[in-house]
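Visitor: To start, I am sharing the structure in question, which I have written as structure tokens.
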Amino acid sequence: MASRSSKKKRSAAQRSGRPGGRTVQHGASSSAQVRRAQFGDWIRAARPATLGLAVAPVLLGWGVAVAQFLLLGVNAWDSTVLIAVALCFTIAIALQIGVNFANDYSDGIRGTDNHRVGPARLTASGAAPAKRVRLVAVIFCGIAALAGLGVTVLSEIWWLPAVGLVAILAAWFYTGGKRPYGYSGLGEVMVFIFFGLVATTGTTYILANTIGAESILAGVAMGLFSVAVLFINNVRDRETDIVAGKLTLATRMPLWLNRAVFTALIAGPFGILVYFALLLTNAWWAFFALFIAVPAVLITWTAKHPREYVLVLKLTVWTSLFYAAIVAWSFAF
């Protein structure tokens, strides 16, 4: 009887048409056993450890813009410029938080997060209603949109809302919708574009109305860091994603190749840094970020348990932030 029951459950999950089967929330069968989400849980669900990825490209793009201001003899610290900078940071951070809550919601209702190794998610754990998590995601995307409208008015670049709309749609359909591209191994491509090239060169263009080779290279460096963070996150979840039917890039390769790809991704920006060091007097100081990056690589190659990759993720974010801060300072001063 038990085996027949199990087969019925499996067939029902297959009929659901969702990766990972029907939604299964931990503790959902007994609501009394589920601890309702407190304020701290919502803060953790925003994934503060990832927010450095939002700050770093804007910071670096700002630094490149300041260099352009200095060449043109323009006051880089004008109040209008600083307001635009603040709005750019708001867009990036709000969009990152929106993405995080959207992923919590979408992966939760699909059942993908039911057996994940990292911190528990609000939707999958049943700590918060799925609709409420979705609402929070929409609110933060709305904050990003409002900040984007403010930037549009200040810069008078009237086509910026179109870029913002594409970015918000990319954030939602990463794991949302009927055919999320994050389940097809395309997440890294979109992260490289929006959290690398667009965030960095977009900031420079909004502030200085120009995009040069330095801004593009800076965007590539930030994109590689962002891809490295997403990739190592997917390496951590590789086994459970395979079970859930989430075909990320990490699930398509053996573990040794995943480790090699991550090493190449985190090393790439330091290759670009050689050019910046030849161009800028103080940029070589950013090589000290290797003291953070190298341990991340070593842990990746020696990790025995998926939880170890959580530290790798954090170290990669800190590497990108340190790198961006030093290179931005080198451009600006």
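Visitor: Just one of the numbered conditions (1) crowded, with 19+ Cβ neighbours inside 10 Å; (2) at pLDDT 95 or above; (3) under 24 Å from T175 (Cβ atoms) is not true of F276; which one?
Guide: (3)
Visitor: Output the helices (runs of 4 or more DSSP H) that fall wholly within the range 221-333 and possess 2 or more residues being hydroxyl-bearing (S, T, Y) and in contact (Cβ under 8 Å) with a residue 60 or more places away in the chain, or say none.
Guide: Values: elements: 238-244, 255-279, 290-302, 308-332.
Fully inside the range 221-333 and qualifying: 308-332.
Visitor: Right, another one. Which of the residues belonging to the range 88-105 are over 13 Å from the mean Cα position of the chain (by Cα) and within 14 Å of P57 (Cα to Cα)?
Guide: Correct list: C88, F89, T90, I91.
Visitor: May I ask you to verify whether R179 is surrounded by fewer than 16 Cβ atoms within 10 Å (Cβ to Cβ) and either without any contact (Cβ under 8 Å) to a residue 24 or more places away in the chain or over 30 Å from A283 (Cβ atoms) (or both)?
Guide: For R179, the condition - surrounded by fewer than 16 Cβ atoms within 10 Å (Cβ to Cβ) and either without any contact (Cβ under 8 Å) to a residue 24 or more places away in the chain or over 30 Å from A283 (Cβ atoms) (or both) - is met.
Visitor: State which residue pairs qualify: first residue closer than 11 Å to G150 by Cα and modelled with pLDDT of 95 or more and inside the range 77-94, second residue in a helix (DSSP H, G or I) and not hydrophobic (A, V, I, L, M, F, W, C) in any location, beta carbons under 7 Å apart, and separation of 6 or more residues or different chains.
Guide: A84/S155; L87/G150; C88/T203; I91/G148
Visitor: Return the total of residues in the range 222-253 being at pLDDT 95 or above and more than 15 Å from Y183 (Cα to Cα).
Guide: 9
Visitor: Test A328 against the criterion of being surrounded by 19 or more Cβ atoms within 10 Å (Cβ to Cβ) and within 30 Å of S184 (Cβ to Cβ), and give yes or no.
Guide: Values: surrounded by 19 or more Cβ atoms within 10 Å (Cβ to Cβ): yes; within 30 Å of S184 (Cβ to Cβ): no.
So A328 does not fit the description; no.
Here's the yes/no breakdown for (1) of a type outside the set (A, V, I, L, M); (2) outside any helix (DSSP H, G or I); (3) modelled with pLDDT of 90 or more:
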site	(1), (2), (3)
S5	yes, no, no
S11	yes, no, no
H26	yes, yes, no
S29	yes, yes, no
R36	yes, yes, no
W62	yes, no, yes
L70	no, no, no
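Visitor: Residues of the range 216-263 being over 19 Å from S184 (Cβ atoms) and small (G, A, S), which ones?
Guide: Scanning the range 216-263 gives A218, G219, A221, G223, A228, A260.
Visitor: Within the range 107-119, can one find any residue that is modelled with pLDDT under 95, more than 21 Å from V138 (Cα to Cα), over 14 Å from the mean Cα position of the chain (by Cα) and of a type in the set (D, E)?
Guide: Within the range 107-119 (the criterion being modelled with pLDDT under 95, more than 21 Å from V138 (Cα to Cα), over 14 Å from the mean Cα position of the chain (by Cα) and of a type in the set (D, E)), the answer is no, since none of the residues qualifies.
Visitor: At least 1 residues that are aromatic (F, W, Y) and more than 30 Å from V66 (Cβ to Cβ) in each: list the helices (runs of 4 or more DSSP H) lying fully within the range 104-214 that qualify.
Guide: Numbers: elements: 122-125, 130-155, 160-172, 187-192, 199-208.
Result: 160-172.
Visitor: Looking at the range 147-176 only, could you name the residues that are among the hydroxyl-bearing types (S, T, Y), touching a Gly at 6+ places or on another chain (Cβ under 9 Å) and touching a residue at least 40 places away in the same chain (Cβ under 8 Å)?
Guide: Looking only at the range 147-176, we keep the residues that are among the hydroxyl-bearing types (S, T, Y), and these are 152, 155, 174-175.
Pick out the ones that are also touching a Gly at 6+ places or on another chain (Cβ under 9 Å) and you get 152, 174-175.
If the condition is that a residue be among the hydroxyl-bearing types (S, T, Y), touching a Gly at 6+ places or on another chain (Cβ under 9 Å) and touching a residue at least 40 places away in the same chain (Cβ under 8 Å), then Y174, T175 are the ones that fit.
Visitor: Next up: Name the residues in the range 127-167 that are among the β-branched types (V, I, T) and surrounded by 21 or more Cβ atoms within 10 Å (Cβ to Cβ), would you? Outline the logic, then answer.
Guide: If we filter the range 127-167 for residues that are among the β-branched types (V, I, T), which is where we start, we get 133, 136, 138-139, 143, 151-153, 157, 163, 166.
Across the range 127-167, the qualifying residues are V133, V136, V151.
Visitor: Further question on the same structure: Within the range 33-69, track down each residue that is farther than 20 Å from M222 by Cα and touching a residue at least 40 places away in the same chain (Cβ under 8 Å). If you could, list the steps in order and put the result at the bottom.
Guide: We begin by selecting, within the range 33-69, every residue farther than 20 Å from M222 by Cα; these are 33-46, 69.
If the condition is that a residue be farther than 20 Å from M222 by Cα and touching a residue at least 40 places away in the same chain (Cβ under 8 Å), then V34, R35, R36, A37, D41, W42, R44, A45, A46, F69 are the ones that fit.
The values are calculated or read from the model by the stated rules, or taken from the named source; none is laboratory data. These numbers come from a predicted model, not from an experiment. All Cβ positions, glycine included, derive from the backbone under ideal geometry; neighbour counts span all protein chains shown.
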